[in-house]
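Taken together, the values in this text are just the output of simple stated rules run on the coordinates, not laboratory data. A quick note: this is a predicted structure, and the numbers were derived from the prediction, not measured. Positions of Cβ are backbone-derived with ideal geometry, glycine not excepted, and every protein chain shown enters the neighbour counts.
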Amino acid sequence: MPDTKKFIENLSGAGKSIGVLTSGGDAQGMNAAVRAVVRMGIYVGAKVYFVHEGYQGMVDGGDNIKEATWESVSSMLQVGGTVIGSARCKDFRTHEGRLRAALNLVQRGITNLCVIGGDGSLTGANLFREEWSGLLDELVQSGQISEEAAQTHSALHIVGMVGSIDNDFCGTDMTIGTDSALHRIIEVVDAIMTTAQSHQRTFVLEVMGRHCGYLALVSALACGADWVLIPEMPPKDGWEEQMCHKLSENRADKKRLNIIIVAEGAIDQNNKPITTELIKDLVVRCLGFDTRVTILGHVQRGGTPSAFDRILASRMGVEAVLALLEASPGTPACVVSLCGNQAVRLPLMECVQMTQEVQKAMDEKRFEEAVKLRGRSFENNLNTYKLLSHRKIDAELPPSSFNVAVLNVGAPAAGMNAAVRSAVRVGITEGHTMFAVNDGFEGFYKGQIKEIKWGDVGGWTGQGGSLLGTKRTLPAKHIDKIAEQMKIHNINALLVIGGFETCDRIKQSASGTKRRVFIIETMGGYCGYLATVGGLAAGADAAYIYEEPFDIRDLQSNVEHLTEKMKTSIQRGLVLRNENSSENYTTDFIYQLYSEEGKGVFDCRKNVLGHMQQGGAPSPFDRNFGTKIAAKAMQWISKKLKEFYREGRVFANSEDSACLLGMRRRALVFQPVVQLKDETDFVHRIPKEQWWLRLRPLMKILAKYKTSYDVSDSGQLEHIVRLRAKDISSI
Ligand code: ATP
């Protein structure tokens with residue numbers, strides 16, 4: 001990209017004004033999006049205005065539209081809901097209301113709008129843009145604005161970001177708020193499961209989603225629910241008996257509880273609502289089980305946003321500002337979406353129309369089409385759920401004489417048990433006999449191996465650590481004994497789950513009366529992922545990592561910058577340091593440096609997070625990721641076993657006999673372990689290329705105090721633009 005420098009120069013926001021608003025239902029992460037728009041806008045030299053109370057504030061004007069400053073979005077990242085307010089506004093649906101809104105914007109010179117809301121809000125924004133020149137003509141005619149003002153503000157640019165907990169918008173893999181809502185749901189389900197377990201109860205749980213079953217489906221997957229009901233897939237006639245049969249079967253199989261998850265908008269084949277009460281009555285009548293209903297309601301919208309939502313919204317907000325800077329008078333409204341882990345721009349109205357198509361398909365009972373329209377990931381979730389929740393009877397299983405063993409190695413990681421459960425169940429469904437190995441390779445050579453059945457892994461999805469037990473012992477020294485065990489148990493394939501080997505509360509305590517900087521050490525060996533991504537999610541001022549070497553000059557510049565920043569109204573500072581980022585610039589050293597230099601301005605506290613980072617219940621993402629990745633791995637193993645044995649190959653020697661399954665772009669990809677050699681830095685146990693390094697310029701821009709950026713110092717912006725071009729070309 002030889003013209004990047006020139007391109008960057010043209011990206012200046014000087015003389016531009018951007019309005020940012022949140023509209024429709026609130027969603028966790030909206031504040032992170034607002035913060036990113038404000039800081040990125042200011043960074044490129046634009047003026048940014050908060051429009052309070054959604055479109056109502058735009059229509060009413062006055063104090064509802066206020067210029068934002070860098071500090072005004074400080075300490076906002078971790079707050080749920082929307083600090084600038086949201087509303088449903090009848091006036092904006094009328095021509096008269098939009099005329100008043102246009103006047104308010106022109107009076108402040110705002111011709112760029114960033115709208116964070118659902119499909120309704122984005123439709124309204126698009127309509128406003130289409131009507132814009134007509135509205136200005138009317139304002140000129142009525143003498144409310146001058147001809148000249150109309151000309152200066154002749155084009156309105158719109159960019160949308162979808163804030164919706166339902167994940168109901170076509171074109172984006174995730175909407176802002178969905179991941180946090182899943183966290184809330186899973187917390188409740190985990191809590192309910194303990195009481196259900198004690199009393200042998202059945203719980204019927206209603207989750208949000210009037211038109212979209214994403215939350216219900218994904219939470220069912222994440223907690224291993226017995227049954228799920230979503231609007232896109234109404235159950236077939238006779239489902240009542242099938243469901244009751246399954247519930248009683250699961251109870252007979254050692255399970256002391258049942259969980260049924262129902263989306264708010266669940267329907268039957270005739271579009272008739274299926275309510276939680278209806279289900280409860282059914283279970284009580286047919287099975288006599290003690291059954292309770294819990295309706296989660298607004299709990300799902302509440303609370304602090306997850307790290308994922310903060311990062312998603314921050315990335316989207318930065319991209320939204322770039323989109324506005326690049327827009328020219330004819331540019332159609334766009335929406336910033338997440339596509340294959342990249343923030344991209346898509347035509348707003350095409351996405352809105354596709355979203356409406358899903359509803360139409362459901363209304364017209366074209367349910368299979370509705371599932372397809374929701375996208376590949378939705379379909380994949382549905383298929384995985386079906387695969388894992390239903391145990392085929394022995395007569396239905398495909399014939400197989402293969403034995404497959406599963407083991408965990410390395411440090412325990414949240415989501416490992418979900419992966420084991422999934423592998424065991426998919427393996428059984430494929431007809432294999434599954435074996436579990438305890439304590440990694442150490443247990444393996446000692447003979448700690450036995451058959452594991454479908455019911456044995458019930459309830460494993462939500463458990464932290466490794467239920468099989470895991471050790472760091474390497475296999476090389478014991479390879480003969482391991483081979484012996486494989487022979488004894490006739491093991492044909494091995495699935496190895498393992499690897500190479502929280503800052504909010506801290507920030508809250510930091511934002512007391514005293515100005516305070518926290519120095520936090522994160523885990524990760526030589527890999528700076530946790531420090532960087534944690535830094536972006538928590539709004540850190542600096543994150544020191546091994547991959548981006550730093551010296552005393554960097555430390556000096558960071559400490560000076562932070563000291564200046566703490567002299568303003570900002571009360572907290574956060575500095576992250578990856579455990580192996582530098583041999584000599586230790587956490588203690590950095591703590592002492594900041595303490596000394598910050599004297600009289602702030603004081604410092606140090607915290608080494610340590611093993612707490614590996615503990616606790618797995619997040620919904622880790623549960624589902626573990627589940628899906630292990631299902632895919634088992635399916636691959638089955639395919640390979642069949643191929644190899646059919647061809648009579650000695651498979652242990654071929655390149656694809658040992659593969660690593662990982663996530664690349666939008667897909668799970670298998671890569672022969674031998675190929676990984678070239679891509680791995682074995683000394684530091686990290687990949688040579690780390691995708692997340694591209695988030696670092698973003699983190700720096702959002703943390704730095706600068707009223708405007710200087711073209712000669714446009715390094716971070718240039719970095720973002722270059723990386724973006726590279727990423728998009730590879731999607
Ligand atoms: P959610 O997903 O939470 O329902 P949403 O953005 O879809 O969010 P809506 O109530 O549909 O929520 O829209 C929010 C606001 O956007 C409305 O109150 C209205 O002010 C504006 N709006 C929605 N649709 C239109 C439209 N067709 N024309 C003008 N304004 C609209």
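I need the shape label for the chain. Rule: rounded when a/c is under 1.5, else prolate if a/b > b/c, else oblate, with a, b, c from the alpha carbon gyration tensor.
Note, shape of the chain comes out oblate.
Determine which aspartates and glutamates satisfy two conditions relative to residue 66: a Cα distance under 14 Å, and not lying fewer than 8 residues away in the same chain.
Within reach: 53.
Go ahead and estimate [θ] at 222 nm for the chain from helices alone: -39,500 (n - 2.57) per DSSP H run with n ≥ 4, summed, over the residue count, rounded to 500.
Value at 222 nm, helices only: -13500 deg cm²/dmol.
Would you list which aspartates and glutamates come within 19 Å of residue 639, measuring only between C-alpha atoms, while excluding same-chain residues fewer than 8 positions from it?
Counting by Cα, and skipping residues close in sequence, residue 639 has these aspartates and glutamates nearby: 396, 430, 647, 655, 656.
Amide H of residue 227: which non-local residues (sequence gap of 5 or more, or other chain) have their own amide H closer than 5 Å, using H built in the peptide plane?
Sorted by chain and number, the residues that satisfy this are 259, 261.
Go through region 23-122 and name the trypsin sites (Lys or Arg not before Pro) that are in a DSSP coil and have 11 or fewer other Cβ atoms within 10 Å of their Cβ.
Of the trypsin sites (Lys or Arg not before Pro), the ones in loops of region 23-122 whose Cβ has at most 11 other Cβ atoms within 10 Å are 90.
Return, ordered by residue number, the residues of region 514-533 whose backbone nitrogen is under 18 Å from a label point located 7 Å along Cα→Cβ of residue 691.
Under 18 Å, as judged by backbone N against the label point of residue 691, lie 527-533 of region 514-533.
Within straight cross-link reach of residue 450, meaning Cα distance under 17 Å, which aspartates and glutamates are found once same-chain residues fewer than 8 apart are removed?
439, 442, 484
Rounded to the nearest 5, what % of the DSSP beta bridges within the chain are antiparallel ones?
Given both bridge residues lie in the chain, the antiparallel proportion sits at roughly 25 percent.
So which of 90/565; 47/606; 236/628; 628/700 end up more than 32 Å apart, counting from Cα to Cα?
90/565; 47/606; 628/700
Beyond 22 Å between alpha-carbons counts as too far, so tell me which of 280/365; 487/632; 446/487 fall in that bin.
Exceeds cut-off: 280/365; 487/632.
Convex hull over the Cα atoms of region 322-464, averaged projected area in nm²?
Taking a quarter of the hull surface, the average projection is 13.9 nm².
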